[in-house]
1. Whether any residue in region 249-261 is away from the ligand (no atom under 13 Å from the Cβ) and hydrophobic (A, V, I, L, M, F, W, C) is what I want to check.
2. With respect to ARG242, determine if the residue is within 14 Å of the ligand (Cβ to nearest atom) and at negative phi.
3. Suppose we filter LEU93, LEU155, LEU150, LEU162 for residues that are at pLDDT below 95 and either hydrophobic (A, V, I, L, M, F, W, C) or in contact with a helix residue (DSSP H, G or I) (Cβ under 7 Å, 6 or more places away or on another chain) (or both); which single one remains?
4. In region 245-273, how many residues are among the aromatic types (Phe, Trp, Tyr) and at positive phi?
5. On the basis of being touching a residue at least 60 places away in the same chain (Cβ under 8 Å), out of contact with any Gly (no Cβ under 6 Å at 6 or more places or on another chain), outside any helix (DSSP H, G or I) and not acidic (Asp, Glu), does ALA285 make the cut?
6. Scan region 1-25 for residues that are modelled with pLDDT of 90 or more and either under 27 Å from VAL156 (Cβ atoms) or in contact with a Gly (Cβ under 8 Å, 6 or more places away or on another chain) (or both) and report the count.
7. List the helices (runs of 4 or more DSSP H) that sit entirely inside region 109-167 and contain at least 2 residues that are farther than 26 Å from THR9 by Cβ and aliphatic (A, V, I, L, M).
8. Could you list all residues from region 153-184 that are within 11 Å of the ligand (Cβ to nearest atom) and loosely packed, with under 13 Cβ neighbours inside 10 Å?
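The values are calculated or read from the model by the stated rules, or taken from the named source; none is laboratory data. This is a predicted model, so every value here is computed, not measured. Virtual Cβ from ideal backbone geometry, glycine too; neighbours counted across all protein chains shown.
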Amino acid sequence: MAHTATEQTVSPKQVARAIGVSESSVKRWCDKGAIATVRTGGGHRRIALAAVLAFLRENKHELLHPDILGLPATSGSIGWVVERAKERFEQTLLDGNEAGCFHVLLDQYLAGRTVSEIGDQIVAQAFHSIGAKWACGAIDVYHERRGCELCIGALVQMRSLLPPPGQNAPVAIGATITGDQYAIPGLLVDLVLRENGWQSTWLGGNLPIASLIEAVRQNTPAMIWLSLSHIAEEEEFLTDYRDLHMALPKKTAIIVGGRAITESIRREMRYFAHCDHLEHLAEVATRLRENIE
Ligand code: B12
């Protein structure tokens, strides 16, 4: 299945100016392999934006002029503890501050936090808090809806900044099922799998299980995953789920998660792994990939 990350590239000169070092230093890092580099037909070095970010995260280089790389100015939140970043993220969502919410995610990523940490500790926590505020009438419905849209946009932007998977990376496909309108957990799972070396594709929300079975048939993934935030009809879901499980090739592992999986539903399901949160998923996905490769 095609990987959707856009592979924007920049020159060593741009990188040098963005982080405040000489161009020759950047070229040296490229030639030593510290920054993944491609050569143009004319022999010039080009660097994928994702490779620049990976280098900055590993080497703790400060991004002084993000605009030179086409990135937004940082929000100054790189050094923030998680709790403060979560509060800021929540505030940007409630204020309808589109650029601000992406800044917080980008800064936390540049500070070296993994996508699973950002998802569990910042995004999910901000939405739990927004849900509680909505429940007690402290915010309006539109604050929540607009916040969801902004978050979805920011996560899609984050996706384009992750390094593309290796050519032999195992394939994972996932979905949320009919009647489930939640997008944020599905997008996050997709990002976490990509970050941990999978060629993951989220097929989207509200997908009939019969169609997921067809996608498995056509793509023979090593993993399929389901993010279950809302199960409308328990019995119907379990019947469909059994069909899915039976249709899977022996080598396809199924991973499930999401707030709708109650203890009683879980007892009726068979799966390779059930994860409560994304950091757990990151660990399971890495071990599974290592066993396959
Ligand atoms: C945003 C939101 C919506 C939006 C979603 C918009 C969108 N485009 O995504 C909309 C408006 C659609 C919505 C609708 C409803 N909602 Co709502 N919603 C929320 C809210 C505020 C945030 C949900 C969210 O995205 N959280 C962020 C994610 C990342 O966090 P998470 O779900 O906890 O996921 C974590 C784990 O579960 C895990 N995980 C999740 N999936 C997976 C998958 C895998 C494979 C793995 C490994 C891990 C994993 O990792 C995540 C990160 O840690 C919550 C409040 C809350 N407390 O969460 C209410 C909430 C979930 N909603 C609720 C309700 C009742 C509803 C409705 C039934 C309301 C109604 N009467 O219509 C509908 C049902 C919609 C449907 N049919 O799907 C209740 C659920 C109560 C309950 N006990 O079940 C909540 C808790 C609000 C409340 N306090 O009452 N909702």
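1. If we filter region 249-261 for residues that are away from the ligand (no atom under 13 Å from the Cβ), which is where we start, we get 249-252.
Going one step further and asking which of them are hydrophobic (A, V, I, L, M, F, W, C), we end up with none.
Looking for residues that are away from the ligand (no atom under 13 Å from the Cβ) and hydrophobic (A, V, I, L, M, F, W, C), one finds none in region 249-261, hence no.
2. Working: within 14 Å of the ligand (Cβ to nearest atom): no; at negative phi: yes.
Here the answer is no, as ARG242 does not meet what is asked.
3. Numbers: LEU93 fails: at pLDDT below 95; LEU155 fails: at pLDDT below 95; LEU150 fails: at pLDDT below 95.
Sole residue among the options that is at pLDDT below 95 and either hydrophobic (A, V, I, L, M, F, W, C) or in contact with a helix residue (DSSP H, G or I) (Cβ under 7 Å, 6 or more places away or on another chain) (or both): LEU162.
4. 0
5. Numbers: touching a residue at least 60 places away in the same chain (Cβ under 8 Å): yes; out of contact with any Gly (no Cβ under 6 Å at 6 or more places or on another chain): yes; outside any helix (DSSP H, G or I): no; not acidic (Asp, Glu): yes.
In short, no.
6. Looking only at region 1-25, we keep the residues that are modelled with pLDDT of 90 or more, and these are 9-25.
After this cut, where a residue has to be either under 27 Å from VAL156 (Cβ atoms) or in contact with a Gly (Cβ under 8 Å, 6 or more places away or on another chain) (or both) as well, the list is 9-11, 14-15, 18-19.
Looking only at that region, the number is 7.
7. Numbers: elements: 115-118, 124-135, 141-161.
In region 109-167, the matching helices (runs of 4 or more DSSP H) lie at 124-135, 141-161.
8. Keep residues of region 153-184 that are within 11 Å of the ligand (Cβ to nearest atom), which gives 155, 172, 174-184.
GLN181 - this is the single residue of region 153-184 that is within 11 Å of the ligand (Cβ to nearest atom) and loosely packed, with under 13 Cβ neighbours inside 10 Å.
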